[in-house]
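A quick write-up on the structure given underneath.
Only the coordinates and a few stated rules stand behind these numbers; no lab work does. Predicted, not measured: the structure shown is a model, and the values here were computed from it. Cβ sites come from the backbone with ideal geometry, for glycine too, and all protein chains shown count toward neighbours.
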Amino acid sequence: MTCSILVGGGWGDEGKGKCITYLCNYDKPNIIARAGVGPNAGHSVEFNGEKYGLRLTPSGFVHTESRLLIGAGVLIDPEVFLHEMDYLNKYNVKERSFVDYRCAIIEEDHKVRDKGSDHLYKKIGSTGTGCGPANSDRVMRTAKLAAEIPELEGYTTNVPQEINDSLDNGEDVFIEGSQGFGLSLYYGTYPFVTSKDTTASTAAADVGVGPTRIDEVIAVFKSYITRVGEGPFPTEMTQPEAEKMNLEEYGTVTGRRRRVGLFDMEMAKESCMINGATQIALTCVDRLFPGCERTTDYSELSGEIKRFIEEIEGETKVPVTIISTGPDLEDTIDLRDELL
Ligand code: GTP
Ligand code: IMP
Ligand code: MG
């Protein structure tokens, strides 16, 4: 029985989608539970040569034996959820996806308020998906809950009960966070943050699992760092520098160009501490160090890459157990058997 949580260590878009797909396809948990804010997230999953962009469905959906649950802490936009049920139909998601009956709902008015707000949309650079206004209504206790929405009939469940029963039966549970440490309402670059905390403790609370039941916390870092939207970015590089290094990226949800910078060790240390990380997954190593694309063997990595990894381990005191060398789940070096 293992209960794992995966969280973003930076400002989101660390490649969580790829890591989750790999880990769930490999470890085959009984339940994959989505935590985090809501459909402001954009996770990319590449599997069998096809690419999927997801906003609410757990990224582990490619493992077709798992139940896919969305915790009460996550905001549901019924339109986005039902669209993904059709979009991913090939993977049998309709029969095994459920949302907690207490999830708060994003309504049309929340999206209008988000996009129409100079403070949220222009100053903070929000995704415009209605998450901030919906969380605000939830705090005011005026938001609707999933149990009240006719379109969600048949899709609601008691997520904490399912997860805790599953753990009692000795089964594995994988909890996926969204966004990243730097976007946490508590610990991020306030006010340029999202509308709730994004660390592992809140991810556990989102799905109704107590801290004593968590075995592993995997923090995902990209080998460089990106940020969409406004806010401080100490290691940011100029656009021409990023282009020269071939590190241009565009957002999955908004299509906005991502700001790019070098790995931020100070942020990584704080992120590992507050998340209580037990493992690090390091992604896009192939983009920072061309020549190692699709490598699956640690011994084939150059001395420069190994030194970079050792420096991260030395500073954070957390082992780098997963090294990602490409977007496909096959492009992965998995050191868990050696290091844990
Ligand atoms: P968030 O939940 O916002 O963090 O989304 P995400 O983790 O899925 O990342 P997102 O899709 O926003 O951006 C990451 C991009 O990098 C996607 O296009 C992935 O397919 C890709 N990617 C992930 N890991 C690797 C890697 O190791 N190498 C390369 N070249 N691309 C990767
Ligand atoms: P909101 O969560 O839509 O209110 O956006 C607040 C801030 O968080 C903005 O800077 C967004 O760009 C950022 N943000 C929210 N979700 C994500 C994500 O999944 N990846 C990257 N940035 C995000
Ligand atoms: Mg993303």
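Things worth noting here:
- Distance between the range 204-224 and the range 73-148 - C-alpha centres, whole angstrom: 22 Å
- Distance between the pseudo-spin-label points of Asp27 and Lys306 (7 Å out from Cα toward the beta carbon): 2.7 nm.
- Given charges at Cβ of Lys, Arg, Asp, Glu: the chain dipole, positive-most of Pro234, Ser117, Gly154: Ser117
- Quotient of Cα Rg and 2.2 N^0.38 Å for the chain, N being how many residues it contains: 0.93
- Result for the chain in a Gaussian network model with C-alpha springs under 10 Å: among Ala147, Ala204, Ala35, the largest mean-square fluctuation is at Ala147.
- The relative contact order of the range 55-154 comes to 27 percent, based on Cα pairs under 8 Å that sit 6 or more residues apart.
- Pair Phe289, Leu339: separation of 7 Å Cα→Cβ label points (nm): 1.3 nm
- Computed helical MRE - 222 nm, the chain, DSSP H runs ≥ 4 contributing -39500 (n - 2.57), nearest 500: -8000 deg cm²/dmol
- Estimated FRET transfer efficiency (Asp297, Leu262; beta-carbon r; R0 25 Å; 0.05): 0.40
- Mean Cα-pair separation over length for the range 3-339, i.e. relative contact order, pairs under 8 Å, 6 or more apart, %: 22 percent
- The charge dipole of the chain, taken about the Cα centre with unit charges on the Cβ atoms of Lys, Arg (+1) and Asp, Glu (-1), comes to about 960 debye, rounded to the nearest 20.
- Within the range 194-340, antiparallel bridges make up roughly 55 percent of the DSSP beta bridges whose residues both belong there.
- Among beta bridges that DSSP assigns inside the chain, antiparallel share in %, nearest 5: 30 percent
- Beyond 22 Å in Cα-Cα separation lie the following of the pairs Lys115/Lys144; Lys90/Lys222; Lys123/Lys144: Lys90/Lys222; Lys123/Lys144.
- Cut-off 18 Å (backbone N to label point 7 Å along Cα→Cβ of Tyr250), residues of the range 8-26: 13
- Using C-alpha pairs under 8 Å with a sequence gap of at least 6, the mean separation divided by the residue count of the range 253-340 gives a relative contact order of 33 percent.
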